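The values are calculated or read from the model by the stated rules, or taken from the named source; none is laboratory data. Since the model is a prediction, treat every value here as computed from it, not as a measurement. Because the Cβ atoms are built from the backbone with ideal geometry, glycine has one as well, and the counts that use them run over all protein chains shown. Protein only, heavy atoms only, side chains kept; ligands, DNA and RNA dropped before computing areas. Shrake-Rupley method; radii C 1.70, N 1.55, O 1.52, S 1.80 Å.
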Amino acid sequence: DEIDKAPAEFSSDILNEIERSYFRIPEWDGAREIRAERSASPIVVITSNSGRQLPDAFVRRCIFYHIPEIEEQRLRELTMRRLVGMSLSNGALLDDAVVLFFKLRSEDADLRKRPSTAEFLSFITALLSDPDVESDRRLSHTAASKYLVTLVKSPEDQYTAHQIARQLLAGAP
(Lines give C-alpha, C1' and ligand atoms only; values in the text may rest on other atoms or scores of the structure.)
Protein backbone atom coordinates (compact mmCIF):
# COMPACT_ATOMS: atom_id res chain seq x y z
CA ASP A 1 0.00 0.00 0.00
CA GLU A 2 1.34 3.42 -1.01
CA ILE A 3 4.66 2.26 -2.43
CA ASP A 4 5.61 5.88 -3.06
CA LYS A 5 5.90 6.32 0.73
CA ALA A 6 8.24 3.33 1.17
CA PRO A 7 12.02 3.85 1.33
CA ALA A 8 13.41 4.85 -2.08
CA GLU A 9 15.15 1.51 -2.71
CA PHE A 10 12.05 -0.58 -1.91
CA SER A 11 10.46 -0.37 -5.37
CA SER A 12 13.71 -1.57 -6.98
CA ASP A 13 14.32 -4.25 -4.36
CA ILE A 14 10.87 -5.78 -4.78
CA LEU A 15 11.32 -6.38 -8.55
CA ASN A 16 13.18 -9.66 -7.94
CA GLU A 17 10.40 -10.99 -5.73
CA ILE A 18 7.68 -10.02 -8.18
CA GLU A 19 9.47 -11.46 -11.23
CA ARG A 20 10.42 -14.74 -9.52
CA SER A 21 7.09 -15.05 -7.67
CA TYR A 22 8.56 -15.58 -4.24
CA PHE A 23 9.67 -13.73 -1.16
CA ARG A 24 11.49 -14.56 2.05
CA ILE A 25 10.49 -13.80 5.61
CA PRO A 26 13.80 -13.78 7.52
CA GLU A 27 12.13 -13.64 10.94
CA TRP A 28 10.08 -16.79 10.29
CA ASP A 29 11.81 -20.17 10.66
CA GLY A 30 15.20 -18.81 9.63
CA ALA A 31 14.24 -17.14 6.33
CA ARG A 32 11.16 -19.06 5.28
CA GLU A 33 10.43 -18.77 1.58
CA ILE A 34 6.92 -18.24 0.23
CA ARG A 35 6.67 -19.22 -3.42
CA ALA A 36 3.85 -19.26 -5.96
CA GLU A 37 3.36 -22.47 -7.93
CA ARG A 38 4.85 -22.44 -11.42
CA SER A 39 1.39 -22.79 -12.94
CA ALA A 40 0.18 -19.70 -11.10
CA SER A 41 0.90 -16.13 -12.07
CA PRO A 42 0.07 -14.01 -9.05
CA ILE A 43 -1.39 -10.58 -9.56
CA VAL A 44 0.24 -8.05 -7.28
CA VAL A 45 -1.70 -4.89 -6.50
CA ILE A 46 0.41 -1.97 -5.41
CA THR A 47 -1.03 1.42 -4.57
CA SER A 48 0.55 4.84 -4.90
CA ASN A 49 -0.58 8.38 -4.25
CA SER A 50 2.05 9.66 -6.68
CA GLY A 51 3.93 11.20 -3.78
CA ARG A 52 7.26 10.68 -5.51
CA GLN A 53 8.50 9.39 -8.85
CA LEU A 54 9.04 5.62 -8.97
CA PRO A 55 12.05 4.15 -10.82
CA ASP A 56 11.59 3.55 -14.58
CA ALA A 57 12.50 -0.14 -14.22
CA PHE A 58 9.64 -0.57 -11.76
CA VAL A 59 7.11 1.51 -13.71
CA ARG A 60 7.81 -0.45 -16.95
CA ARG A 61 6.52 -3.60 -15.24
CA CYS A 62 3.29 -1.99 -14.06
CA ILE A 63 -0.17 -1.57 -15.46
CA PHE A 64 -1.71 1.61 -14.15
CA TYR A 65 -5.30 2.10 -13.12
CA HIS A 66 -6.25 5.54 -11.96
CA ILE A 67 -9.26 5.43 -9.67
CA PRO A 68 -11.79 8.01 -10.82
CA GLU A 69 -13.29 10.55 -8.45
CA ILE A 70 -16.31 9.15 -6.64
CA GLU A 71 -19.67 10.38 -7.88
CA GLU A 72 -22.50 11.40 -5.57
CA GLN A 73 -24.77 8.42 -6.28
CA ARG A 74 -21.90 5.97 -5.80
CA LEU A 75 -20.95 7.64 -2.50
CA ARG A 76 -24.53 7.32 -1.24
CA GLU A 77 -24.73 3.63 -2.23
CA LEU A 78 -21.38 2.84 -0.66
CA THR A 79 -22.29 4.70 2.54
CA MET A 80 -25.64 2.93 2.90
CA ARG A 81 -24.00 -0.45 2.31
CA ARG A 82 -20.99 0.09 4.59
CA LEU A 83 -23.00 1.57 7.46
CA VAL A 84 -26.00 -0.73 7.21
CA GLY A 85 -25.95 -1.57 10.92
CA MET A 86 -25.98 2.06 12.06
CA SER A 87 -29.62 2.93 11.28
CA LEU A 88 -28.66 5.43 8.60
CA SER A 89 -31.58 6.50 6.47
CA ASN A 90 -31.22 7.86 2.97
CA GLY A 91 -32.63 11.16 4.17
CA ALA A 92 -31.85 14.71 5.17
CA LEU A 93 -28.70 14.02 7.22
CA LEU A 94 -27.08 12.05 4.44
CA ASP A 95 -28.17 14.65 1.86
CA ASP A 96 -26.57 17.48 3.85
CA ALA A 97 -23.42 15.48 4.63
CA VAL A 98 -22.94 14.59 0.96
CA VAL A 99 -23.37 18.25 -0.11
CA LEU A 100 -20.83 19.31 2.54
CA PHE A 101 -18.39 16.57 1.48
CA PHE A 102 -18.45 17.55 -2.19
CA LYS A 103 -18.20 21.25 -1.34
CA LEU A 104 -15.10 20.51 0.76
CA ARG A 105 -13.67 18.44 -2.09
CA SER A 106 -14.26 21.17 -4.68
CA GLU A 107 -11.46 23.36 -5.93
CA ASP A 108 -13.42 26.37 -4.65
CA ALA A 109 -12.83 25.17 -1.10
CA ASP A 110 -9.08 25.46 -1.70
CA LEU A 111 -8.18 22.90 0.96
CA ARG A 112 -4.61 21.62 1.08
CA LYS A 113 -5.90 18.04 1.48
CA ARG A 114 -9.33 17.21 0.19
CA PRO A 115 -11.37 14.75 2.27
CA SER A 116 -11.50 11.14 1.06
CA THR A 117 -14.33 8.63 0.91
CA ALA A 118 -12.92 6.86 3.99
CA GLU A 119 -12.96 10.13 5.89
CA PHE A 120 -16.57 10.71 4.82
CA LEU A 121 -17.51 7.30 6.22
CA SER A 122 -15.78 8.23 9.50
CA PHE A 123 -17.68 11.53 9.54
CA ILE A 124 -21.05 9.79 9.09
CA THR A 125 -20.12 7.16 11.69
CA ALA A 126 -19.21 9.88 14.19
CA LEU A 127 -22.44 11.75 13.50
CA LEU A 128 -24.54 8.61 13.96
CA SER A 129 -22.79 7.80 17.24
CA ASP A 130 -23.96 11.13 18.66
CA PRO A 131 -27.25 10.65 20.57
CA ASP A 132 -28.35 14.17 19.57
CA VAL A 133 -28.13 13.44 15.83
CA GLU A 134 -30.94 11.70 13.96
CA SER A 135 -30.38 10.38 10.44
CA ASP A 136 -33.78 11.57 9.19
CA ARG A 137 -33.16 15.18 10.31
CA ARG A 138 -31.08 17.92 8.71
CA LEU A 139 -27.40 18.14 9.59
CA SER A 140 -26.90 21.05 11.94
CA HIS A 141 -23.85 23.28 11.83
CA THR A 142 -23.25 22.41 15.49
CA ALA A 143 -23.13 18.66 14.81
CA ALA A 144 -21.06 19.08 11.65
CA SER A 145 -18.56 21.31 13.46
CA LYS A 146 -18.17 18.81 16.26
CA TYR A 147 -17.06 16.08 13.82
CA LEU A 148 -15.41 18.03 10.98
CA VAL A 149 -12.06 16.87 12.30
CA THR A 150 -12.90 13.41 10.88
CA LEU A 151 -13.27 14.95 7.40
CA VAL A 152 -10.57 17.59 7.41
CA LYS A 153 -7.32 16.61 9.06
CA SER A 154 -4.96 19.53 8.62
CA PRO A 155 -5.27 22.40 11.09
CA GLU A 156 -4.76 24.84 8.21
CA ASP A 157 -7.88 23.50 6.46
CA GLN A 158 -10.12 23.22 9.51
CA TYR A 159 -10.90 26.94 9.72
CA THR A 160 -11.93 26.97 6.04
CA ALA A 161 -14.01 23.82 6.52
CA HIS A 162 -15.86 25.37 9.45
CA GLN A 163 -16.61 28.48 7.38
CA ILE A 164 -17.94 26.35 4.52
CA ALA A 165 -20.07 24.25 6.91
CA ARG A 166 -21.46 27.41 8.51
CA GLN A 167 -22.51 28.78 5.09
CA LEU A 168 -24.03 25.51 3.87
CA LEU A 169 -25.81 24.53 7.07
CA ALA A 170 -26.88 27.96 8.34
CA GLY A 171 -30.60 27.20 7.99
CA ALA A 172 -30.47 23.76 9.57
CA PRO A 173 -31.80 23.44 13.14
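So, I46, is that one of a type in the set (A, V, I, L, M), at pLDDT 75 or above and over 21 Å from the mean Cα position of the chain (by Cα) or not? Here the answer is no, as I46 does not meet what is asked. When G85, G51 are checked against the criterion of being in contact (Cβ under 8 Å) with a residue 12 or more places away in the chain and out of contact with any strand residue (DSSP E or B) (no Cβ under 8 Å at 6 or more places or on another chain), G51 stands alone in meeting it. For the range 130-159, the tally of residues that are assigned to a helix (DSSP H, G or I), open to solvent by 40 Å² or more (accessible area, probe 1.4 Å) and free of Cβ contacts under 8 Å to residues at least 24 places away in the same chain stands at 6.
Close contacts from the range 1-25, counting a first residue that is farther than 13 Å from R52 by Cβ and a second that is of a type in the set (D, E), with Cβ to Cβ under 7 Å and a gap of 6+ residues or different chains, come to Y22/E33; F23/E17; R24/E33.
The residues in the range 97-129 that are among the β-branched types (V, I, T) and within 10 Å of the chain's Cα centre (by Cα) can be counted, and the count is 1.
Can you tell me how many residues within the range 118-129 are open to solvent by 10 Å² or more (accessible area, probe 1.4 Å) and either at pLDDT below 90 or closer than 11 Å to L151 by Cβ (or both)? Reasoning before the result, please.
Applying the first criterion (open to solvent by 10 Å² or more (accessible area, probe 1.4 Å)) to the range 118-129 yields 118-119, 121-122, 125-126, 128-129.
Retained after the next criterion (residues that are either at pLDDT below 90 or closer than 11 Å to L151 by Cβ (or both)): 118-119, 121-122, 126, 128-129.
Total satisfying the criteria: 7.
Counted as qualifying within the range 1-104 are the helices (runs of 4 or more DSSP H) with 1 or more residues that are within 30 Å of V152 (Cβ to Cβ) and open to solvent by less than 60 Å² (accessible area, probe 1.4 Å), namely 72-82.
Taken over the range 105-129, the criterion of being of a type in the set (G, A, S) and part of a loop (DSSP other than H, G, I, E, B) is satisfied by S106, S116.
Looking across the range 7-30, just one residue is at pLDDT below 75 and among the aliphatic types (A, V, I, L, M), and that is A8.
L100 passes every criterion in (1) in contact with a helix residue (DSSP H, G or I) (Cβ under 6 Å, 6 or more places away or on another chain); (2) at pLDDT below 75 apart from (2).
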